[in-house]
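Data first, discussion second: the structure below is written as structure tokens.
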Amino acid sequence: MRSLIEAHNRVKDFDWEPSYAKKPTRYPTRYRIPAKTKDPFRHLIRDYLSMEEEKDNRQYGALEDALARSNAPAKAERRWMEIMKVALPVVNFGEYAAMKSTGQLVDTIENAELRQGYMAQMLDEVRHVNQEAYLTRYFARHAADPEGFAQGFKFRGTNLYNRAGRAALEGFFVGDPIEGALNLQVVAETAYTNPIFVAMTEIAAANGDQATPSVFLSIQSDEARHMANGYSTLAAVVSNPDNLAFLQADFDRAFWRQHAFLDPFLGAVYDYFQAKRTSSYGEKWNEWIHEDWVGCYIEKLAPFGLKVPRWYGEARERMKWIGHTAGLIGFATWPLQFWRFDPLTDADMEWFERKYPGWYGHYGAFWEEYRKMCDPRAGAVPLSLFQSLPPLCRVCQMPCVFPRPDVSTVRIKEHGGKKHAFCSEACEFIFDEDPQRYLGYDTFYELYDGYDLAEFVRENGLLRADGKTLIAQPSLDDERMWTIDDLAALKIEIKNPLREVGA
Amino acid sequence: MSLEAKAPRDFTYIRPRKRRLSEYEAVTCYTQPDPDVFDKQGWYLRSAEGRTAWRKESTRLRHPHWFDFRDPAGLWQRTYVRLQAEQERSLERAVEDAARAGAFADFEPTWVRELVGAHYRVWSFFEYGLFRCFAQAQRETLSDTLGNVYCFAGFDRVRHAQAIVIYLMDLEGQIEGFQDAGAKERWLGDPVYQPARRMTEELMAVDDWGELAVAVHLVVDPIFGEVGLSEMLRRHGPFHGDAVTPLVVSTAERDRRRNCDWTEELVRMVTAAEVPARDENRRIVGEWVARWTPRALAAAEALAPVHERIPRRLGTFREAVERASAAQAAIVAALEARSTEAA
């Protein structure tokens, strides 16, 4: 019988200090990581492979066998299935970015123990990318309405929420590799994979979607190891006091960047697309982020000098409204999207008021009006309820309407001869730390200013197979669906809101 | 309209290589964003040094659409993991069966000590170095289909490195007096392995993912891997009562063939008739082959003293090197012929 401990010691002794050629510094880091720390990954590759193979067999077996035969996705609540069209491509880029992040950690971190964990995570992330793309295709085949599933990975390039998702998740691997690990392993995986891959499966299951839980729970079984990677990385970072000088700022930024997208987005996904209602995102957030992550995980690191992220208090305060605001903007801009929206019923509104006291007073009027605009014969889209489209944040790409449109923390200022919008004090602060990190792209409005909504839809291929019905719809009514002609007749122009605003 | 009318029941944004979209293509293609494809706005974030998520200049090769690349083996995570889990299970069983049959008693003692113990174990350091090369290169490749083959190639290496270590631990339990010791010192100091270590470290310093694949899969593996693993260990094992070591080696050879195949596919793709930069690409690939061939030969030739320690040699070391070198030259010549034809 071979000794596992001895085997682990030997497979971690592959490192050496090169003397013939110097490896270039490909990913500069300010952090100094000790060469030897705790090992987050105590599996030999042989064991890892058989474990993952077994999990794959179970998960793909379930999808291919019973769930496909019973055509389960076609019977799931359609309201819920619609949001998976956008959620899966967003999450998928997170996995892809994570694969790249671990590649640069393997290159940068001269610590064999930590590298063991990154090595397995790298292949795990390929697994998750494949699983989520597989699930998207599975839904294209089996869902009641496949439009949107069949093209989601294409549409995400210009979609309002997918763009913001990419902006947040690029943080996993663009920049200092340790800053990437803070974004990925410490914030996204440790704080947010529970609400995404655990809590969301409860809602999926309650709404008749059994395929998503099969995939997500299988993914989450890998995430536990990734959280261990994050903890070991963080423990290695704080073990050198010199790192603390920049750790807190990087951690603060990582938390805000992930929060600024994930919380409004997940809030809208959870609360506005459940048909059979269970818990609210606010409740889940309190449980997983506030009590579990901040209360247990981060506070344990206090003795090492790491504090709760700088804008955590503000984030918590914003949690009351940001999901609803993101939901409102999503529904209001439905012609720009690639999934369908199901208007809230009276019962939904009662649920909202119960879960989020005061909700009706701020949002109720919009939802009453929205219901009247679902039929194309009404000749109106809910965008007409607003004076203009909101500016998009230069840093996080989210619309600058948070926490609530009437008390928005938007700020606009000039930099380099151009006006830029920021959704919050935090995003503006982050921009000011190093503006050039956020200036290298064309904004949405620079690309589409002056477009008619119908022109945007045509150019981005947001039309169904008949070439005239819109993929996005304001309701689930299959009898009265909007066509490109209905939209064109309204003559709505996409206008850059910064054109007319003073700095 | 009826929802069912002509509604697409499969991904519509991927051009399949064959008639129908494969599972491999569906779960792989366009998972990497790209401003030249669907992500018109560009990259939202830069590093403090100003770099973007991906950079065209991460390789000197030029291609108008890197997303056209397809892995000839069509592997995605599930099929890759299944393949490697099978390989590892076959090794676990081979060792178990050999132990039950008492086959380790037939291993020729000098062979076990000098070749399996002293030589093969050093190989794990070479493999681990290449793991680090490919893990980093997968970060930079300019499409998802490329990222995956690089990622798997990296994992192949660390799998083999660990398989060697585990195998030697098993031998320690089976063969009286056998001990896995001193490999790292040999890798760091023994003149026999210094050209190999130099080559490995130089590969670790390569900053072009195209060059890395060409160097390792079309030059280093076919010459250095063929001589040090295939010729010395796989071919000679059975003549020393050792039917097990060749099995361990053969798993790495299987990986090697797969990696060679996709690298050939990559070269074919960048030198195809319709690629504007094909001539320049052909010249660059030729430059890389020319740069790495002498290094791989030097690393292989330095192994001569190890070959001398094989108790029952099948021919001379020179012949082994020449065979490997000729086979490698044939791979390159076939690729050159195809790309010249294409032009």
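The values are calculated or read from the model by the stated rules, or taken from the named source; none is laboratory data. Quick caveat: nothing in here was measured; it's all calculated off a predicted structure. Here the Cβ positions follow ideal geometry from the backbone for every residue, glycine too, while neighbour counts run over all protein chains shown.
Could you please find all residues in the range A:379-417 being among the hydroxyl-bearing types (Ser, Thr, Tyr) and out of contact with any Asp or Glu (no Cβ under 7 Å at 6 or more places or on another chain)?
Residues of the range A:379-417 that are among the hydroxyl-bearing types (Ser, Thr, Tyr), as a first pass: A:384, A:388, A:408-409.
Of everything in the range A:379-417, those that are among the hydroxyl-bearing types (Ser, Thr, Tyr) and out of contact with any Asp or Glu (no Cβ under 7 Å at 6 or more places or on another chain) turn out to be A:Ser384, A:Ser388, A:Ser408.
Among the residues of the range A:53-102, which ones are more than 24 Å from A:Arg277 (Cα to Cα), touching a residue at least 60 places away in the same chain (Cβ under 8 Å) and either more than 14 Å from chain B (Cβ to nearest Cβ) or surrounded by fewer than 20 Cβ atoms within 10 Å (Cβ to Cβ) (or both)?
Those that are more than 24 Å from A:Arg277 (Cα to Cα), touching a residue at least 60 places away in the same chain (Cβ under 8 Å) and either more than 14 Å from chain B (Cβ to nearest Cβ) or surrounded by fewer than 20 Cβ atoms within 10 Å (Cβ to Cβ) (or both): A:Lys55, A:Arg58, A:Tyr60, A:Ala62, A:Ala68.
Tell me yes or no: at least one residue of the range A:392-409 is over 27 Å from A:Met481 (Cβ atoms), in a strand (DSSP E or B), within 24 Å of the chain's Cα centre (by Cα) and within 14 Å of chain B (Cβ to nearest Cβ). Don't jump to the end; show me each part of the working.
First pass over the range A:392-409, keeping only residues over 27 Å from A:Met481 (Cβ atoms): A:392-398, A:400-409.
Filter again for in a strand (DSSP E or B), leaving A:392.
Narrowing further to those that are within 24 Å of the chain's Cα centre (by Cα): A:392.
Next, only the ones that are within 14 Å of chain B (Cβ to nearest Cβ) stay: A:392.
Yes, the range A:392-409 contains at least one residue that is over 27 Å from A:Met481 (Cβ atoms), in a strand (DSSP E or B), within 24 Å of the chain's Cα centre (by Cα) and within 14 Å of chain B (Cβ to nearest Cβ).
Could we say that B:Arg78 is within 12 Å of chain A (Cβ to nearest Cβ), assigned to a helix (DSSP H, G or I) and of a type outside the set (Val, Ile, Thr) here?
Values: within 12 Å of chain A (Cβ to nearest Cβ): yes; assigned to a helix (DSSP H, G or I): yes; of a type outside the set (Val, Ile, Thr): yes.
So B:Arg78 passes the test.
Looking at the range B:15-27 only, could you name the residues that are buried (at least 18 other Cβ atoms within 10 Å of the Cβ) and either part of a loop (DSSP other than H, G, I, E, B) or facing chain A (nearest Cβ under 7 Å) (or both)? Write out each step before concluding.
Taking the range B:15-27 and keeping what is buried (at least 18 other Cβ atoms within 10 Å of the Cβ), we get B:24-27.
Passing the criteria: B:Ala26, B:Val27.
How about the range A:3-25: which of its residues are surrounded by 14 or more Cβ atoms within 10 Å (Cβ to Cβ) and at the interface with chain B (Cβ under 7 Å from one of its Cβ atoms)? Explain how you work it out, then say what you get.
Step one: filter the range A:3-25 for residues surrounded by 14 or more Cβ atoms within 10 Å (Cβ to Cβ), giving A:7-8, A:10-16, A:18, A:20-21, A:23.
Once the filter is applied, which keeps residues that are surrounded by 14 or more Cβ atoms within 10 Å (Cβ to Cβ) and at the interface with chain B (Cβ under 7 Å from one of its Cβ atoms), the range A:3-25 yields A:Ala7, A:Arg10, A:Val11, A:Asp13, A:Phe14, A:Trp16, A:Pro18, A:Tyr20, A:Ala21, A:Lys23.
Conditions tested, residue by residue: (1) more than 7 Å from chain B (Cβ to nearest Cβ); (2) under 17 Å from the mean Cα position of the chain (by Cα).
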residue	(1), (2)
A:Ala120	yes, no
A:Val126	no, no
A:Ala133	no, yes
A:Arg137	no, no
A:His142	yes, no
A:Gly148	yes, no
A:Phe153	no, yes
A:Phe172	yes, yes
A:Pro177	yes, no
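Condition check ((1) closer than 26 Å to B:Glu231 by Cα; (2) at the interface with another protein chain (Cβ under 7 Å from one of its Cβ atoms)) across all residues:
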{"site": "B:Ala7", "(1), (2)": "no, yes"}
{"site": "B:Ala48", "(1), (2)": "no, yes"}
{"site": "B:Leu61", "(1), (2)": "no, no"}
{"site": "B:Gly74", "(1), (2)": "no, no"}
{"site": "B:Ser90", "(1), (2)": "yes, no"}
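Quick one: which helices (runs of 4 or more DSSP H) lie wholly within the range B:97-192 and hold at least 1 residues that are more than 12 Å from chain A (Cβ to nearest Cβ) and modelled with pLDDT of 95 or more?
On the way: elements: B:121-140, B:144-174, B:183-189.
The qualifying helices (runs of 4 or more DSSP H) are B:144-174.
Are any residues in the range A:422-472 in contact with a Leu (Cβ under 6 Å, 6 or more places away or on another chain) and not in a helix (DSSP H, G or I), and if so, which ones?
A:Ile471
Residues to consider are B:Gln41, B:Gln84, B:Gln32; find the one that is part of a helix (DSSP H, G or I), touching a Phe, Trp or Tyr at 6+ places or on another chain (Cβ under 9 Å) and not basic (Lys, Arg). Spell out how you get there, then give the answer.
Numbers: B:Gln41 fails: part of a helix (DSSP H, G or I); B:Gln32 fails: part of a helix (DSSP H, G or I).
Exactly one of B:Gln41, B:Gln84, B:Gln32 is part of a helix (DSSP H, G or I), touching a Phe, Trp or Tyr at 6+ places or on another chain (Cβ under 9 Å) and not basic (Lys, Arg), namely B:Gln84.
Return the residues of the range A:384-400 that are touching a residue at least 40 places away in the same chain (Cβ under 8 Å) and surrounded by fewer than 21 Cβ atoms within 10 Å (Cβ to Cβ); say none if nothing qualifies. Steps first, please.
First, pick out the residues of the range A:384-400 that are touching a residue at least 40 places away in the same chain (Cβ under 8 Å): A:384-386, A:388-399.
Those that are touching a residue at least 40 places away in the same chain (Cβ under 8 Å) and surrounded by fewer than 21 Cβ atoms within 10 Å (Cβ to Cβ): A:Ser384, A:Leu385, A:Phe386, A:Ser388.
For B:Asp242, indicate whether it is under 21 Å from B:Ala118 (Cβ atoms), in contact with a helix residue (DSSP H, G or I) (Cβ under 8 Å, 6 or more places away or on another chain), crowded, with 19+ Cβ neighbours inside 10 Å and of a type in the set (D, E, K, R). If you could, list the steps in order and put the result at the bottom.
Details: under 21 Å from B:Ala118 (Cβ atoms): yes; in contact with a helix residue (DSSP H, G or I) (Cβ under 8 Å, 6 or more places away or on another chain): yes; crowded, with 19+ Cβ neighbours inside 10 Å: yes; of a type in the set (D, E, K, R): yes.
When the stated conditions are applied, B:Asp242 passes them.
Could you tell me whether A:Arg30 is of a type outside the set (S, T, N, Q), modelled with pLDDT of 95 or more and in contact with a helix residue (DSSP H, G or I) (Cβ under 7 Å, 6 or more places away or on another chain)?
On the way: of a type outside the set (S, T, N, Q): yes; modelled with pLDDT of 95 or more: yes; in contact with a helix residue (DSSP H, G or I) (Cβ under 7 Å, 6 or more places away or on another chain): yes.
In short, yes.
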